[in-house]
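**Q** The following block contains the structure, expressed as structure tokens.
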Amino acid sequence: MVRSTMGSHVGVSALLVPALFLAGSIGLGAQEPEPIEAGVAPPPGPYAPGVNAVHYDVEVGLGYGVLWFEGITEVRVAVSRPSPELPLDFTGLTIHDVLVDGRPTASRHEEGILTVPLAGYGTGDTVSVRIHYEGVPDDGLIIRENVHGEPSAFVDNWPNRTRFWLPSIDHPADKATVRYTVHAPDVWKVIANGHLAEGPVPTPADAIGPEGDRNTWHWEVGVPISPYNMVIGAADLEVTTIGLAACGNAPASRRDDGCVEVTSWVYPQDVQAAEPSFRRAAEMVDYFTDLIGPFPFEKLANVQSATRFGGMENASAIFYSEQGLSSGRNMEGTVSHEIAHQWFGDAVTEASWHHLWLSEGFATYFGDQFFEVADGVEAFRERMEDSRQSVIRSEVSNRPIIDVNEQNLFALLNSNNYPKGGWVLHMLRGLIGDEAFFQGIRDYYATHLHTAVLTEDFQAVMEQASNRDLDTFFEQWLYEPGFPTFDLEWRFIPDPPGTEGYTELVIRQVQPDAWPAFRVRMDVELMVDGVPVREEIEVSGRASTIRLRTMTNRPTSVVLDPDGWVLKGDPEVDPGQR
């Protein structure tokens, strides 16, 4: 995901959308419950103990210029303990009925949780729970006029806003396959995750949703995805094929040639304005496939939409800011970031929101990597420097990347999880070398494909790939705040005069006392007689004194980390002899 590009970051208070509803028993005519707050971190521990959603069958009925919709969701659940309760996150809509394996059941709907008893079911059982509902969604499914004043409907789930339109175990670790049946106005096109199984076909007269001339679309997702990735979109859209990619290296593809089709879905008025943003999207898919591993989904659609973010990485159906594309601004950097998310965030997903850097840091770094190959190393270095500046100027640098005390999930969309997370990967690459780093990345992806992970899972793979203990590295960069700022003094010491001498470095870490003293390995470059001489050094503690044997003559300059492998602040004075 890329944060909003329009300068409007929605705070928690704005997410308390007015809606009427009454908690309690469910039946025809039940009122909508009180609104709940989106973006609140769940408590530690198992999210839905004893149950696991394995498949969602989602039917949605939409109308043209109509703000309400109707839905039927059937959740297939695997049971892992006797007679559990199924807690489905769901809010803001009227529930007509709840069926368990086709039988009506008494359920509770309180504080955004629809609790369905599964009495009589036990370990190893699978049960289907069907919920029929309708109403005007408070959030999640955004039904409104688009940037051109025309009706549209788009899902925007992140982080845990799926509950506003789809009853689900709304947590990133609970992945499932999905089938969508969408009844929508016949002047619209419908996009969703996965493979188009059928459609558009005329909608049956008795289908759910508002009356009107409609078509029906069936989309299927054959690999498990997290609820925040489950989306549909419907509007007047023009579809353009950008190219075929990952041919022979896309196991989820339903095409006879084994490729994935890369497309754009854009409002007709904005096709020309959006073209520069998407023109290299198929190249990006091929690049990441070659670098990381097989493309994980059935296709890749790039969709202009109502997302509040600059881009949202929904698996195989990325949604982009309608305003950003309509303005004609080139969003290629966002496109590369969101495509990188298909591997990291979508296929390999953070099991805890507080480990979001496994998604956003990875997409930031690998999204930038594309431009190193496509546009040259200087383009990549410029992006890394922009990221460094974002970190050292950030107001959240006094907090760690993995910030378990932050309860507002929207607040995690910060410089720690994006550019600092990307820099952690860059520094790890510099520490262990390209060969071990990229092999570790490929092993991590292959090992944890279509699962949810924590940072310790990533660390374990990288330790194996590099044959190194990385505890100190991960602890200081991910679980501690800040970054080092180095103050360098140096002097040349002839030993004895007229013979080979030493250059003595005194390196102080002058970052705030509340931040740790970092242990860092880096190069130092000395310019001696016009020739660069490099040495690898390690600093730790608040001050390090290091002697380097040099040539007879005094160096003319000494530079720490000349190739920029270490995230560091700018010193108050320029390094040099004092």
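Read-outs throughout are calculated quantities, based only on the coordinates presented, and are distinct from any laboratory measurement. Computed from a predicted model, the values in this text were never measured in an experiment. When we count neighbours, we look across all protein chains shown, and the Cβ atoms used for this are built from the backbone with ideal geometry, even at glycine.
**Q** Given 0.36 nm per residue, what is the gain on full extension from Ser128 to Gln389 after removing their alpha carbon distance, in nm?
**A** Value of the extension gain: 88.9 nm.
**Q** OK, next. Roughly how many whole Å is it from the C-alpha centroid of region 509-527 to that of region 145-220?
**A** 52
**Q** Sticking with this structure for a sec: Going by alpha carbons, how many degrees (0 to 90, nearest 10) lie between the helix axis of 434-448 and the longest principal axis of the chain?
**A** 20
**Q** Lysines near Lys189 by alpha-carbon distance under 21 Å, same-chain residues fewer than 8 away left out - which ones?
**A** Lys299
**Q** Next question. If we count other beta carbons within 10 Å of each Cβ, what is the order of Thr447, Thr334, Thr455, fewest first?
**A** Ordered from fewest to most neighbouring Cβ atoms within 10 Å, Thr447, Thr334, Thr455 come out as Thr447, Thr455, Thr334.
**Q** A further question follows. Compute the distance in nm between two label points, each set 7 Å from the Cα along the Cα-to-Cβ direction, one at Ala374 and one at Asp256.
**A** My value for the distance between the label points is 3.1 nm.
**Q** Rounded to the nearest 500, what is the chain's calculated 222 nm mean residue ellipticity when only DSSP H runs of at least 4 contribute -39500 (n - 2.57) each, over all residues? Before the final figure, lay out the partial values.
**A** Numbers: 10 runs with 116 residues, N = 578.
Helix contribution divided over all residues of the chain: -6000 deg cm²/dmol.
**Q** A follow-up question, please. As a footprinting exposure proxy, order Cys247, Cys259 by other Cβ within 10 Å, with the fewest listed first.
**A** So the residues, fewest neighbours to most, are Cys247, Cys259.
**Q** Please list 92-101, 228-237 highest first by mean number of surrounding beta-carbon atoms within 10 Å per residue.
**A** 228-237, 92-101
**Q** How high is the relative contact order of region 247-372? Use alpha-carbon pairs under 8 Å, at least six apart in sequence, and give a whole percent. Please list the in-between numbers first.
**A** Working: 210 pairs, mean separation 29.5, N = 126.
It comes to 23 percent, rounded to a whole number.
**Q** Here is a follow-up. In terms of Cα to Cα distance under 26 Å, which lysines are near enough to Lys420, apart from those fewer than 8 places away along the same chain?
**A** Reachable lysines: Lys568.
**Q** Given the C-alpha centroids of region 266-299 and region 530-572, what is the distance between them in whole angstrom?
**A** 42
**Q** Once you place label points 7 Å from the Cα toward the Cβ at Arg381 and Val506, how far apart are they in nm?
**A** Taking the simple label geometry, Arg381 and Val506 are separated by 3.1 nm.
**Q** Please work out which option in [x] -0.49, -0.65, -1.02; [y] -0.68, -0.88, -1.24; [z] -0.46, -0.59, -0.86 gives log10 I(q)/I(0) by the Debye sum over Cα atoms at q = 0.07, 0.08, 0.10 Å⁻¹ calculated from these coordinates, and answer with its label.
**A** Checked against the structure: label [z].
**Q** OK, next. Just want to confirm a number: the relative contact order over the chain, from Cα pairs under 8 angstrom separated by 6+ residues, in percent.
**A** It comes to 10 percent, rounded to a whole number.
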